[in-house]
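Chemist: To start, I am sharing the structure in question, which I have written as structure tokens.
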Amino acid sequence: MSDESSGKHETGADPGTRTAERVRLRDRPRAAALTVRAVLHDLRAVDGALYAAVAATPTPALDVGLRRLSNAADHSKISFAVAAGLALVPGRPRRAAVAGAGAIALASATANLLGKRLVRRPRPDREAARVVVGRHVPMPESASFPSGHTASAVAFATAAGVVLPPVAVPLALLASAVGYSRVHTGVHYPGDVAAGAVLGLASGAVSVAVGASLTRAFRQPS
């Protein structure tokens with residue numbers, strides 16, 4: 001009896017237990033995938049509820065202004081106008097304009113050539129959500145995720161604000177307003193805007209880092 005007992009301890013658990021453990025290990029990836037799907041489902045539900053809440057909230061005093069802001073942000077016209085003004089002043093303002101323009105280019109390319117093509121999220125159903133007609137801007141034909149307007153506005157604000165701190169807060173407020181205007185006008189879900197903001201922050205940081213690296217390279221004696 002003692003020999004059998006010691007043998008069992010040496011070889012570990014019985015075959016049935018080892019089989020059950022292997023089954024549990026094989027099931028872990030499937031369980032993780034199911035958990036991720038459940039979390040994404042819940043996030044989409046929250047995203048849709050927030051979109052519906054914005055659509056259902058009467059804001060007649062804001063509707064016209066946010067619609068105009070959303071239209072003005074097409075193709076980053078506002079950001080490029082600010083960059084043009086900063087570029088007129090030598091020194092930090094001009095460097096901020098260059099860094100901001102580079103950040104816009106990076107954010108726009110990443111959002112439109114990568115993000116939208118990979119995710120392909122459909123645009124919101126503005127009519128079903130009963131978004132007030134007075135808020136409407138043209139519904140883009142591209143995918144909804146991420147928000148390119150937000151990505152570009154946040155990218156410019158981030159890069160220009162790092163190089164020229166006095167403009168950081170005004171540009172951040174402007175970028176926030178642009179992002180919200182895309183939800184308010186019914187062309188994006190809040191999640192699209194949040195993703196665009198993250199992409200914009202990353203693009204701004206990369207633009208600043210590249211600019212600093214190039215500046216150091218040019219200043220090094222040959």
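Chemist: Restricting region 169-222 to residues that are more than 16 Å from Gly148 (Cα to Cα) and charged (D, E, K, R), which is least open to solvent (accessible area, probe 1.4 Å)?
Modeler: Arg216
Chemist: Still on this structure, I have one more. Give just the number: which of (1) at pLDDT 95 or above; (2) within 24 Å of the chain's Cα centre (by Cα); (3) over 30 Å from Pro166 (Cβ atoms) does Thr57 not satisfy?
Modeler: (2)
Chemist: Still on this structure, I have one more. Only one of these is out of contact with any strand residue (DSSP E or B) (no Cβ under 6 Å at 6 or more places or on another chain) and at pLDDT below 95: Leu164, Leu113. Name it. Don't jump to the end; show me each part of the working.
Modeler: On the way: Leu164 fails: at pLDDT below 95.
Step by step, each of Leu164, Leu113 is checked, and only Leu113 is out of contact with any strand residue (DSSP E or B) (no Cβ under 6 Å at 6 or more places or on another chain) and at pLDDT below 95.
Chemist: Further question: Open to solvent by 30 Å² or more (accessible area, probe 1.4 Å) and either under 21 Å from Val64 (Cβ atoms) or modelled with pLDDT of 95 or more (or both): does that describe Leu86? Full working, then the answer.
Modeler: Values: open to solvent by 30 Å² or more (accessible area, probe 1.4 Å): no; either under 21 Å from Val64 (Cβ atoms) or modelled with pLDDT of 95 or more (or both): yes.
No; evaluated as a whole, the condition is false for this residue.
Chemist: Out of (1) in a loop (DSSP other than H, G, I, E, B); (2) open to solvent by less than 30 Å² (accessible area, probe 1.4 Å), what's the single condition that is false for Phe145?
Modeler: Result: Phe145 passes all but (2).
Chemist: For region 171-201, how many residues meet the condition of being touching a residue at least 24 places away in the same chain (Cβ under 8 Å) and closer than 24 Å to Leu86 by Cα?
Modeler: So the count comes out to 10.
Chemist: Yes or no: Ser142 within 30 Å of Val208 (Cα to Cα) and out of contact with any Lys or Arg (no Cβ under 8 Å at 6 or more places or on another chain)? Full working, then the answer.
Modeler: Working: within 30 Å of Val208 (Cα to Cα): yes; out of contact with any Lys or Arg (no Cβ under 8 Å at 6 or more places or on another chain): no.
In short, no.
Residue-wise test of (1) hydrophobic (A, V, I, L, M, F, W, C); (2) in a helix (DSSP H, G or I); (3) at pLDDT 95 or above.
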position: Ala32; (1), (2), (3): yes, yes, no
position: Val36; (1), (2), (3): yes, yes, no
position: Asp42; (1), (2), (3): no, yes, no
position: Ala53; (1), (2), (3): yes, yes, yes
position: Leu69; (1), (2), (3): yes, yes, yes
position: Ser76; (1), (2), (3): no, yes, yes
position: Ser79; (1), (2), (3): no, yes, yes
position: Val98; (1), (2), (3): yes, yes, yes
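Chemist: Now for a separate question. Anything in region 49-89 that is touching a residue at least 12 places away in the same chain (Cβ under 8 Å) and at positive phi? List them, or say none.
Modeler: Ser76
The values are calculated or read from the model by the stated rules, or taken from the named source; none is laboratory data. Small disclaimer: the values here were computed from a predicted structure and weren't measured. Cβ sites come from the backbone with ideal geometry, for glycine too, and all protein chains shown count toward neighbours. Heavy atoms of the whole protein, side chains included, go into the accessibility calculation; ligands, DNA and RNA do not. Shrake-Rupley method; radii C 1.70, N 1.55, O 1.52, S 1.80 Å.
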